[in-house]
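Structure first, then comments.
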There are 2 protein chains.
Amino acid sequence: MSSLSTSVKPLLFSYWRSSCSWRVRLALNLKEIPYDIKPINLIKSGGEQHSTEYRDVNPMELVPALHIDGHTLIESLAIMHYLEETRPERPLLPQDVYQRAKVRELCEIIASGIQPLQNIGLLSYVGERKKEWGQHWIHRGFRALEKILSTSSGKYCVGDEISMADCCLIPQACNARRFGIDLRQYPNILRIDSELENYPAFRAAHPTKQPDYPPEQDNPEFLGKLSNLRF
Amino acid sequence: MSSLSTSVKPLLFSYWRSSCSWRVRLALNLKEIPYDIKPINLIKSGGEQHSTEYRDVNPMELVPALHIDGHTLIESLAIMHYLEETRPERPLLPQDVYQRAKVRELCEIIASGIQPLQNIGLLSYVGERKKEWGQHWIHRGFRALEKILSTSSGKYCVGDEISMADCCLIPQACNARRFGIDLRQYPNILRIDSELENYPAFRAAHPTKQPDYPPEQDNPEFLGKLSNLRF
C-alpha cells in the first residue's frame, strides 16, 4: 500500500459500526485533526480485514488502523496515546496523575474487559448464546464502570473534561443497547452518554454519520439507538 | 479495608498464576519499588476475587489491584502507566514517541486481543473446547506480535531497552505454553522470552517464586515451562 505514504492527512482504516474505530474517530474529532477514512467492510466477502493487503496494514486483522506521520499504528488505545503525545492541544488525559490513572482504568475495563468478549469475531464462535453471552460480559464491566464513575465522574467520565475514557464509553454504551441492555440500571453511564450525544465531535463520529454507513439500515429503530442485534 | 491505608509499602493484590498480576510484579521489580503481596486465590471457595471485601478493592473482581500512594488502582496497563508517571526512574516506555506507540501496540494486542479470550473466567463458559479455543486466539495474536516484533525488536520487544511490552509478553508466552503451543513457530517471541528468563527482575516475578505458589504443583513439568493445562 505504498500510495498511503503520499497521503497528507492522516488516513483512518475504519468500519462504521466498529466501536474501536469509533473511539479513534472521537479522539481525532476532539483534537480537531482532519483525516480521511478508508472503509474496511468487516462483513462483505468474509471480511475485508482478512485480505492480504489489509493484513499488511494491521496484522491483527482488525480495525482501526491509522496511517499518520509516515507510520501505520494499530490498537485504539495506542493510537489515542500517540495522538495525545504528538498533538497535546485539546488534551484527552487530565494533568493530575491519579486522574490519568482513573481515565486509563475506565479505558482498559472497556478495551480489555468488555469489548473483546462481545465483538463480532468472538461471537461467531459462541453460537446460539450470542445475546446472553454478550450481555453477561457487558453487565460485569458496566457494574465496575458504574462504581468507579460514581466517584470519578463530574460532567464526564473523570471530572468535567472530556477524556479518552469518554471516547471508549460512548461506543460501548451503544454496543450495550445493541445487546438489549437497559442503561437505566447504570445511571452514571446513561447520564454521560446523554451529555455527550449532541456534542459536535461525538455527533460527527457516530456510526450513522460515516461514509460507509449503509443506507438500507436507515430505519427509526436503528437511527434512534442502534438497538437491534445484528451480526 | 481501612487497614490498607496504614501500609507503607505498596500492596499488590496478586495471584501467583495470573498473567495480569505478573505484568505488574515485573513493572514493580524493574523499577525497584519494594512492595508487599496480598494473595487473592482465584480458585479457592469459588474465587476470593468475588468476595464482598475484594469487590470493594476491584469491582471487576479480577487481579491485580495495587494500593499505592493512598489510592487503589486496577487494570495492569493503567497501573504500569501510573508507576511510569510517578516513578520515572528506570523507564518502561522509550523516549521516542513512535517507539512508545509500538510498545503500547504490543501491550494492547496482548491485554485486549489475547489474554481476555483465554483466561480462566472466560474458559469456564466455553466448555469442552477450552484448549482449542485458547489456542485459536493465542495464535491470532502471536502471528501479529511476531510480525511487529520482526521490525520493532532489538534485544527486547522494542529496541534494546526493557519496556511494558516485555512485561506483557513474558506472562503471555507462559500462557501459550500452558495451552501446548510450540513457541518455535514464533522465533522473535521465543528469543525475547529466553533473553529475559534469567534477568533478576523477571526471575523474582515468576509464578513459582510467589508466596502463594502451592508446593503441590512443584513438579519438573510445571517448574520447567508451566506447560500443563489446568483450570
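Structural remarks
- Dipole size of segment A:2-86 about its Cα centre, with +1 on Lys/Arg Cβ and -1 on Asp/Glu Cβ: approximately 300 debye, rounded to the nearest 20.
- Only helical runs count toward this figure. For chain A, summing -39,500 (n - 2.57) over DSSP H runs of n ≥ 4 and dividing by all residues gives -15000 deg cm²/dmol at 222 nm.
- Copies compared at A:Pro187 - label distances in nm, ascending, label defined 7 Å from Cα in the Cβ direction: 6.0
- Residues whose placed amide H lies under 5 Å from that of A:Ile43, excluding near-sequence neighbours: A:Glu48
- Whole-Hz couplings from phi, Karplus 6.51/-1.76/1.60, listed for segment A:11-20; x for Gly and Pro: 10, 9, 7, 9, 10, 3, 9, 6, 6, 6
- Placed amide H near B:Ser14: partners under 5 Å, 5+ positions off or other chain: B:Lys38, B:Ile40
- Under-5 Å amide H pairs with B:Gly159, H placed in peptide plane, nonlocal only: B:Ser153, B:Gly154
- Gap separating the Cα centres of segment B:38-56 and segment B:67-107, nearest whole Å: 26
- Gyration tensor verdict on chain B (Cα atoms; rounded if a/c is under 1.5, prolate if a/b is larger than b/c, oblate otherwise): oblate
- Position A:Thr208: other-copy label points at 5.9 nm, ordered by increasing distance, label point 7 Å along Cα→C-beta.
- For segment A:31-41, Karplus couplings with θ = phi - 60° (6.51, -1.76, 1.60), whole Hz, Gly/Pro x: 8, 6, 9, x, 8, 9, 10, 10, x, 10, 7
- Residue-wise HN-Hα coupling along segment A:199-207, computed from phi with Karplus coefficients 6.51, -1.76, 1.60 (Hz; x: Gly, Pro): 6, x, 4, 7, 4, 5, 8, 4, x
- Label points for B:Gly127 are taken 7 Å from Cα along Cα→Cβ. From this copy to the others they lie 0.4 nm apart, shortest first.
- Farthest towards the positive end of the charge dipole of chain A, among the residues A:Val97, A:Pro211, A:Ser194, is the Cα of A:Ser194, using unit charges on the Cβ of Lys, Arg, Asp and Glu.
- Computed from the C-beta positions of B:His71 and B:Lys131, the FRET efficiency with R₀ = 41 Å rounds to 0.60.
A short reminder: the numbers here are calculations on the coordinates, not readings from a lab. Values in this document were obtained by computation on a predicted structure and should not be read as measured data. With ideal geometry, Cβ positions are generated from the backbone for all residues, glycine too; neighbour counts draw on all protein chains shown.
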